[in-house]
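Below: the structure, in structure tokens.
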Amino acid sequence: MQNFFKKKILLVGMPDMALICMAKLVAQHVNIVGCVPPPKNDNTYKLFFDFANQLGLNVISYDNSVLDEDFVNKIKALEPDLGIVCSYCKLLPMEFLNIPKDGFINTHPSLLPKYRGGNPYSHVIINGEKETGVTLHFMDEHFDTGDIVTQQRVEIFNTDTMGTVFNRLNFLAADMLLRFLIKYEKGEEITRTPQPQGDFVKAPSIKSGSEDVLINWNKPATEIDRFIRALNPFINAGTRYRQNYLKVHTAYIEKRDSNFYPGTIVSTDGDLGVATKKGIIHITVLQAGSYFIGEASEFIKLSNCKIGEILE
């Protein structure tokens with residue numbers, strides 16, 4: 001395909017989706033005339049910049065806004081035919097989206113219109129969805145609301161974590177983008193399906209260490225298990241023990257009920273068994289501050305955990 005792609009593509013994105021898509025498209029000789037990294041104050045900026053440089057791509061950064069005059073002039077000088085976005089932390093204004101001749105396509109890791117927002121990977125697991133997917137859609141002035149071009153579904157398994165779903169969808173996104181760009185290059189008609197109107201479940205970002213990641217032990221073990229998996233490994237579910245914050249990495253369910261109050265340690269034999277509203281969660285790997293990360297069995301010995309103590 002080395003001489004196949006002539007259309008000029010502008011890529012905007014941030015790790016890790018953008019890196020996976022860039023690598024795929026560059027390997028297939030897509031004509032990426034420029035790529036725009038996250039803002040310079042974002043902690044992923046250098047990773048994006050270095051990765052794109054290694055691929056030999058033309059990286060165009062901005063200082064304050066994508067509407068900075070010098071930045072806009074550099075983008076316009078490229079005369080891009082189409083822009084693609086592979087995950088981004090900012091809402092892009094229409095003045096920028098209108099620069100490429102045929103607009104911008106966004107790569108969103110959910111089955112829109114469900115799960116608009118910054119973290120579809122976690123919320124589909126938290127909510128017990130059986131499937132998710134990737135949507136390619138034209139971009140407008142709002143997040144994730146533009147006309148749908150194509151979607152592809154994937155199954156969610158009962159052992160999936162945020163990490164496994166993240167990887168599966170990002171590699172799927174790269175494959176879908178390549179297929180779309182081949183179709184676009186050939187001049188084939190691109191269908192546009194407006195998204196339905198209504199109030200659909202959202203997928204807001206979840207901040208590590210915030211109250212949003214604390215385990216609610218008053219929920220059933222099945223829901224807590226999904227919550228722990230949904231935040232593993234990038235965010236991590238948390239709980240408090242002896243006024244210290246614990247990150248819970250992995251756990252499993254025991255369907256047996258206990259007579260203990262939810263959040264109570266009910267077993268310390270090999271792992272940390274904790275009572276819930278229905279069933280028991282057995283914590284197998286955890287992190288305590290900066291002094292311990294490892295198997296719960298070692299933490300139990302180190303801390304001399306006792307049955308009857310409370311996790312909050």
Next item on the list: Treating cross-link reach as a plain straight distance, find the lysines whose alpha-carbon is under 28 Å from the alpha-carbon of residue 76, omitting any fewer than eight places away in the same chain.
Entry: 6, 7, 8, 24, 40, 46, 90, 101, 183, 186
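What does the charge count around residue 116 come to, taking other residues whose C-beta lies under 15 Å from its C-beta (Lys +1, Arg +1, Asp -1, Glu -1)?
Values: positive: 114, 202; negative: 129, 140, 141, 144, 147, 199.
Summing Lys/Arg as +1 and Asp/Glu as -1 gives -4.
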Checklist line | For the chain, with +1 on Lys and Arg beta carbons and -1 on Asp and Glu, the positive-most of 284, 14, 267 along the dipole | finding: 267
Margin query: Please compute the length gained on full extension between residue 152 and residue 210, using 0.36 nm multiplied by the number of residues separating them and subtracting their Cα-Cα distance.
Written below: 17.6 nm
Check: To the nearest 500 deg cm²/dmol, what mean residue ellipticity at 222 nm is calculated for the chain from DSSP H runs of n ≥ 4 alone, each contributing -39,500 (n - 2.57), summed and divided by the residues?
Finding: -8000 deg cm²/dmol
Note to self: For a quick check of your reading of the filter: which chymotrypsin sites (Phe, Trp or Tyr not before Pro) in the range 64-116 sit in a DSSP loop and have no more than 16 other Cβ atoms within 10 Å?
What the structure shows: none
Check: Who wins for biggest fluctuation among 110, 210, 61 in a Gaussian network model of the chain, springs between alpha carbons below 10 Å?
Finding: 210
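Summarise the accessible area of the range 143-278 (1.4 Å probe, protein heavy atoms) by the percent that is carbon and sulfur. Intermediate values should be presented prior to the final figure.
On the way: 3630 of 7320 Å².
Solvent-exposed carbon and sulfur of the range 143-278 make up 50 percent of the total.
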Notebook entry, point to check: Which semi-axis lengths, in whole Å and largest first, follow from the square roots of five times the eigenvalues of the Cα gyration tensor of the chain?
Noted result: 43, 20, 16
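From Cα pairs below 8 angstrom and at least 6 apart in sequence, can you work out the relative contact order of the chain, rounded to a whole percent?
Values: 658 pairs, mean separation 39.6, N = 312.
It comes to 13 percent, rounded to a whole number.
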Check: Taking Cα centroids, how far is the range 233-312 from the range 161-217 in Å?
Finding: 32 Å
Check: On average, how much accessible surface per residue is there in the chain, in Å², for a 1.4 Å probe, leaving out ligands, DNA and RNA?
Finding: 48 Å²
Margin query: Tell me the net charge near residue 80. Cut-off is 10 Å between Cβ atoms, residue 80 excluded, with +1 for each Lys or Arg and -1 for each Asp or Glu.
Written below: +1
Margin query: Let me make sure I get this right: for the range 155-209, a, b and c are the square roots of the gyration tensor eigenvalues over alpha carbons, sorted descending. Under 1.5 in a/c it's rounded, otherwise prolate if a/b > b/c, else oblate. Which is it?
Written below: oblate
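The values are calculated or read from the model by the stated rules, or taken from the named source; none is laboratory data. Model, not experiment: these values are computed from the prediction. As a convention, Cβ positions derive from the backbone with ideal geometry for all residues, glycine included, and neighbour counts pool all protein chains shown. For the accessible areas, the whole protein counts, side chains as well, though only heavy atoms, and no ligand, DNA or RNA atoms are used. Shrake-Rupley method; radii C 1.70, N 1.55, O 1.52, S 1.80 Å.
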